[in-house]
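One structure is given below, encoded as C-alpha coordinates.
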Amino acid sequence: MNGVHKLNIKHLAASLGISLGIGLISGIFTMGAMEEFDKAVKPPLTPPGFLFPIVWTILFILMGISAYIIFESDSDLRIPALTVYGIQLAVNFFWPIFFFNLQAYLWAFIWIMLLWSLIIAMIVIFSKINKTAAWLQVPYLVWVTFAAYLNLGIYLLNK
(Lines give C-alpha, C1' and ligand atoms only; values in the text may rest on other atoms or scores of the structure.)
Protein backbone atom coordinates (compact mmCIF):
# COMPACT_ATOMS: atom_id res chain seq x y z
CA MET A 1 0.00 0.00 0.00
CA ASN A 2 1.40 3.33 -1.03
CA GLY A 3 0.73 5.93 1.63
CA VAL A 4 -1.67 5.58 4.52
CA HIS A 5 -4.97 3.87 3.82
CA LYS A 6 -7.96 3.68 6.09
CA LEU A 7 -8.86 0.19 7.29
CA ASN A 8 -11.86 -1.07 5.35
CA ILE A 9 -13.54 -3.51 7.72
CA LYS A 10 -15.97 -4.79 5.05
CA HIS A 11 -13.15 -5.61 2.64
CA LEU A 12 -11.06 -7.22 5.39
CA ALA A 13 -14.05 -9.30 6.56
CA ALA A 14 -14.75 -10.40 2.98
CA SER A 15 -11.12 -11.34 2.44
CA LEU A 16 -11.01 -13.33 5.68
CA GLY A 17 -14.38 -14.89 4.84
CA ILE A 18 -13.10 -16.10 1.48
CA SER A 19 -9.90 -17.65 2.81
CA LEU A 20 -11.45 -19.14 5.96
CA GLY A 21 -14.51 -20.26 3.98
CA ILE A 22 -12.35 -22.21 1.52
CA GLY A 23 -10.61 -23.92 4.43
CA LEU A 24 -13.88 -24.65 6.23
CA ILE A 25 -15.63 -26.14 3.20
CA SER A 26 -12.59 -28.25 2.34
CA GLY A 27 -12.42 -29.40 5.96
CA ILE A 28 -16.10 -30.36 5.92
CA PHE A 29 -15.55 -32.42 2.76
CA THR A 30 -12.66 -34.32 4.35
CA MET A 31 -13.99 -34.87 7.89
CA GLY A 32 -15.30 -38.34 7.13
CA ALA A 33 -11.99 -39.48 5.62
CA MET A 34 -9.84 -39.12 8.73
CA GLU A 35 -10.29 -42.76 9.76
CA GLU A 36 -8.20 -44.02 6.83
CA PHE A 37 -5.57 -41.36 7.47
CA ASP A 38 -5.34 -42.43 11.12
CA LYS A 39 -4.56 -46.00 9.96
CA ALA A 40 -1.76 -44.93 7.60
CA VAL A 41 1.89 -45.36 8.51
CA LYS A 42 3.29 -41.86 8.98
CA PRO A 43 6.82 -40.45 8.67
CA PRO A 44 8.84 -39.05 11.58
CA LEU A 45 7.86 -35.57 12.80
CA THR A 46 4.16 -36.08 12.03
CA PRO A 47 2.34 -33.75 14.42
CA PRO A 48 -0.74 -34.83 16.39
CA GLY A 49 -3.99 -34.57 14.44
CA PHE A 50 -5.48 -31.81 16.59
CA LEU A 51 -2.72 -29.45 15.45
CA PHE A 52 -3.69 -29.43 11.76
CA PRO A 53 -6.94 -27.43 12.01
CA ILE A 54 -5.30 -24.94 14.37
CA VAL A 55 -2.37 -24.33 12.03
CA TRP A 56 -4.58 -24.15 8.94
CA THR A 57 -6.92 -21.65 10.62
CA ILE A 58 -3.98 -19.38 11.44
CA LEU A 59 -2.65 -19.73 7.89
CA PHE A 60 -6.02 -18.93 6.31
CA ILE A 61 -6.26 -15.82 8.52
CA LEU A 62 -2.78 -14.71 7.40
CA MET A 63 -3.76 -15.40 3.77
CA GLY A 64 -6.91 -13.31 4.14
CA ILE A 65 -5.05 -10.38 5.70
CA SER A 66 -2.38 -10.58 3.02
CA ALA A 67 -4.95 -10.65 0.20
CA TYR A 68 -6.75 -7.71 1.80
CA ILE A 69 -3.54 -5.67 1.76
CA ILE A 70 -3.09 -6.45 -1.93
CA PHE A 71 -6.76 -5.71 -2.71
CA GLU A 72 -6.50 -2.31 -1.06
CA SER A 73 -3.35 -1.38 -3.00
CA ASP A 74 -3.40 0.82 -6.06
CA SER A 75 -0.78 -1.28 -7.85
CA ASP A 76 -1.11 -2.22 -11.50
CA LEU A 77 -0.19 -5.74 -10.37
CA ARG A 78 -3.17 -5.98 -8.01
CA ILE A 79 -5.42 -8.00 -10.37
CA PRO A 80 -2.69 -10.44 -11.53
CA ALA A 81 -1.61 -10.89 -7.88
CA LEU A 82 -5.15 -11.61 -6.71
CA THR A 83 -5.61 -13.97 -9.66
CA VAL A 84 -2.60 -16.02 -8.54
CA TYR A 85 -3.99 -15.89 -4.99
CA GLY A 86 -7.36 -17.21 -6.19
CA ILE A 87 -5.80 -20.00 -8.24
CA GLN A 88 -3.65 -21.15 -5.31
CA LEU A 89 -6.74 -21.09 -3.05
CA ALA A 90 -8.54 -23.36 -5.52
CA VAL A 91 -5.56 -25.72 -5.70
CA ASN A 92 -5.36 -25.66 -1.89
CA PHE A 93 -9.06 -26.56 -1.69
CA PHE A 94 -8.62 -29.78 -3.70
CA TRP A 95 -5.42 -31.10 -2.10
CA PRO A 96 -7.07 -32.53 1.07
CA ILE A 97 -9.77 -34.16 -1.05
CA PHE A 98 -7.13 -35.94 -3.14
CA PHE A 99 -5.10 -36.82 -0.06
CA PHE A 100 -7.70 -37.72 2.58
CA ASN A 101 -10.83 -38.68 0.66
CA LEU A 102 -9.25 -40.45 -2.28
CA GLN A 103 -6.00 -41.54 -0.58
CA ALA A 104 -4.37 -40.72 -3.92
CA TYR A 105 -1.11 -40.00 -2.13
CA LEU A 106 1.14 -39.77 -5.19
CA TRP A 107 -1.31 -37.54 -7.08
CA ALA A 108 -1.76 -35.45 -3.90
CA PHE A 109 2.02 -35.02 -3.70
CA ILE A 110 2.18 -33.82 -7.32
CA TRP A 111 -0.76 -31.51 -6.57
CA ILE A 112 0.85 -30.08 -3.43
CA MET A 113 4.00 -29.35 -5.42
CA LEU A 114 1.80 -27.36 -7.81
CA LEU A 115 0.41 -25.54 -4.76
CA TRP A 116 3.94 -24.94 -3.48
CA SER A 117 4.93 -23.41 -6.83
CA LEU A 118 1.86 -21.17 -6.84
CA ILE A 119 2.62 -19.98 -3.30
CA ILE A 120 6.15 -19.03 -4.41
CA ALA A 121 4.70 -17.16 -7.41
CA MET A 122 2.19 -15.44 -5.12
CA ILE A 123 4.90 -14.35 -2.68
CA VAL A 124 6.99 -12.98 -5.55
CA ILE A 125 4.16 -10.94 -7.07
CA PHE A 126 2.87 -9.82 -3.65
CA SER A 127 6.39 -8.61 -2.77
CA LYS A 128 6.31 -6.28 -5.77
CA ILE A 129 3.19 -4.65 -4.29
CA ASN A 130 3.66 -4.86 -0.54
CA LYS A 131 6.44 -6.56 1.43
CA THR A 132 4.21 -7.18 4.48
CA ALA A 133 1.62 -8.97 2.34
CA ALA A 134 4.39 -11.15 0.92
CA TRP A 135 5.90 -11.94 4.34
CA LEU A 136 2.46 -12.92 5.70
CA GLN A 137 2.51 -15.79 3.15
CA VAL A 138 5.86 -17.21 4.29
CA PRO A 139 4.42 -19.32 7.17
CA TYR A 140 2.02 -20.81 4.60
CA LEU A 141 4.95 -21.72 2.33
CA VAL A 142 6.82 -23.29 5.26
CA TRP A 143 3.78 -25.31 6.33
CA VAL A 144 3.04 -26.51 2.78
CA THR A 145 6.70 -27.53 2.46
CA PHE A 146 6.28 -29.57 5.64
CA ALA A 147 2.94 -30.95 4.41
CA ALA A 148 4.64 -32.02 1.17
CA TYR A 149 7.24 -33.92 3.23
CA LEU A 150 4.44 -35.63 5.19
CA ASN A 151 2.51 -36.36 1.98
CA LEU A 152 5.54 -37.92 0.27
CA GLY A 153 6.42 -39.87 3.42
CA ILE A 154 2.88 -41.27 3.70
CA TYR A 155 2.93 -42.20 0.02
CA LEU A 156 6.27 -44.02 0.34
CA LEU A 157 5.36 -45.76 3.62
CA ASN A 158 1.93 -46.94 2.45
CA LYS A 159 2.52 -48.11 -1.14
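The values are calculated or read from the model by the stated rules, or taken from the named source; none is laboratory data. The structure presented is a predicted model; accordingly, all values stated were derived computationally and were not measured. Using ideal geometry, Cβ is built from the backbone for each residue, glycine included, and neighbour counts are taken over all protein chains shown. Heavy atoms of the whole protein, side chains included, go into the accessibility calculation; ligands, DNA and RNA do not. Shrake-Rupley method; radii C 1.70, N 1.55, O 1.52, S 1.80 Å.
Classify the stretch 65-152 as rounded, prolate or oblate from the Cα gyration tensor: take a ≥ b ≥ c as the square roots of its eigenvalues, call it rounded if a/c is under 1.5, otherwise prolate when a/b beats b/c and oblate if not.
prolate
A straight chain from W107 to I61 at 0.36 nm per residue would run longer than the Cα-Cα distance by 13.8 nm. For H11, put the label point 7 Å out on the Cα→Cβ axis and report which residues of the stretch 86-111 keep their amide N under 17 Å from it. Only 86 fall inside the zone, counting backbone N under 17 Å.
Tell me the relative contact order for the chain as a rounded percent, counting alpha carbon contacts under 8 Å between residues six or more apart.
Values: 164 pairs, mean separation 50.7, N = 159.
Dividing the mean separation by the residue count of the chain yields 32 percent.
Taking all protein chains together, T30, T145, T46 sort by accessible area into T145, T46, T30, largest first [probe 1.4 Å]. For the residues F71, F109, a 1.4 Å probe over the protein chains yields an accessible-area ranking, largest first, of F71, F109.
By the rule of a C-alpha distance below 20 Å, with chain neighbours fewer than 8 residues away ignored, the aspartates and glutamates paired with K128 are E72, D74, D76. Ranked from largest to smallest solvent-accessible area, with a 1.4 Å probe on the protein heavy atoms, E35, E72 come out as E35, E72.
Checking the table K39/K131; K10/K131; K10/K42 against a 32 Å threshold on Cα-Cα, which pairs fail? Too far apart for the 32 Å limit: K39/K131; K10/K42. Available extension along the chain between F50 and T132 is 26.6 nm, counting 0.36 nm per residue and deducting the alpha carbon span. Rounded to the nearest 10 degrees, the inclination of helix 51-71 to the longest alpha-carbon principal axis of the chain is 20 degrees.
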